[in-house]
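Novice: Take this structure, written in structure tokens, and hold onto it; I'll ask about it next.
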């Protein structure tokens, strides 16, 4: 069963606050150790971790706004803020991917051997574990909430875990010029691909997806069992996340009175709402075309 808007809001808030607190703690640990060890790489990675607070803030804002009740300007609610927030996070994720490409190129051009340090290794290893754990937790909550916005934030955590892992990589191959840049470039392509996929999925839903053949078939099955319906020839759905508005065009006997046609219309609305769970069903009743004697 899909989560309703209030469940989405609650799960989104949990994920956002866990992310914000976790990122701030990791930032403080990395930055303080970076200052103590005079490690520019560790300090830079600390600010990369802190930047993830921004995407979690987007999740927090989106979770709050999407669950606002309908008003005079938005009669179908504010549920599409989830898609808008996902688009913002996808763009930020793509920027992370392009930043990885730049960093990989810079490391290849300005190669310098790396000296092993246990404190640095320990902090980065802990960061990889912590950020991947946060990513998996976000994926878990995102699936429970059926929320692409939370899934998108999970990939920001994962990108940070990968970034920390890439910092560790040269410690095991201190004299290799190509290992770190090549892995960084491949990871960047993966992150950009995920960002594009999230962007396409959310923008497609925001623009309005058509119903699948299976969904149309289920609607036809329910409608054709309503007494008085001769045929169904058009089905449209407007998905506002807060509610899905279904429009159905049915044909009835052209000799029926307006009152009888209206009763069939109401019967179709009740059956579809009851059987398929649509919040709003609008039925247009049309007279069945007159069949000519020669046909």
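Each reported figure results from applying straightforward, stated rules to the coordinates on display, with no laboratory input. Small disclaimer: the values here were computed from a predicted structure and weren't measured. So basically every Cβ, Gly included, is an ideal-geometry build from the backbone, and we count neighbours across all protein chains shown.
Novice: Among 76-83, 21-28, 203-210, how do they line up by average Cβ neighbours within 10 Å per residue, starting with the highest? Write out the running numbers ahead of the final one.
Specialist: On the way: 76-83: 21.2, 21-28: 17.4, 203-210: 12.1.
Packing proxy ranking, top to bottom: 76-83, 21-28, 203-210.
Novice: Sorting check: for 44-51, 150-157, which peptide has the highest mean count of neighbouring beta carbons within 10 Å, and how do the rest follow?
Specialist: In decreasing order of mean packing, 44-51, 150-157 become 150-157, 44-51.
Novice: If each of residue 179 and residue 270 carries a label point 7 Å out from its Cα toward its Cβ, how far apart are those two points in nm?
Specialist: It works out to 7.2 nm between the two label points.
Novice: Just rank 158, 234, fewest to most, by other beta-carbon atoms within 10 angstrom.
Specialist: Ascending Cβ contact count within 10 Å gives the list 234, 158.
Novice: Between the alpha-carbon centers of the range 133-170 and the range 68-99, tell me the distance in whole angstrom.
Specialist: If we compute the Cα centre of each part, the gap is 18 Å.
Novice: Taking other Cβ within 10 Å of each residue's Cβ, how do 251, 259 sort, fewest first?
Specialist: 259, 251
Novice: OK, next. Read through the labelled values (i) 54, 47, 41; (ii) 91, 41, 29; (iii) 89, 42, 37 and report the label of the one computed as Cα extents along the principal axes in Å from the structure.
Specialist: Label of the calculated value: (ii).
Novice: Based on the mean of other beta carbon atoms within 10 Å per residue, what is the order of 126-135, 184-193, most packed first?
Specialist: 126-135, 184-193
Novice: Per DSSP H run of at least 4 residues, take -39500 (n - 2.57); add these up for the chain, divide by its residues and hand me the 222 nm value, nearest 500 deg cm²/dmol.
Specialist: -24500 deg cm²/dmol
Novice: Rounded, prolate or oblate: which fits the range 122-214 when a ≥ b ≥ c are the square roots of the eigenvalues of the alpha-carbon gyration tensor, with rounded for a/c under 1.5 and prolate only if a/b beats b/c?
Specialist: Details: a/c = 4.36, a/b = 1.93, b/c = 2.26.
Because a/c hits 1.5 or more and a/b fails to exceed b/c, the range 122-214 counts as oblate.
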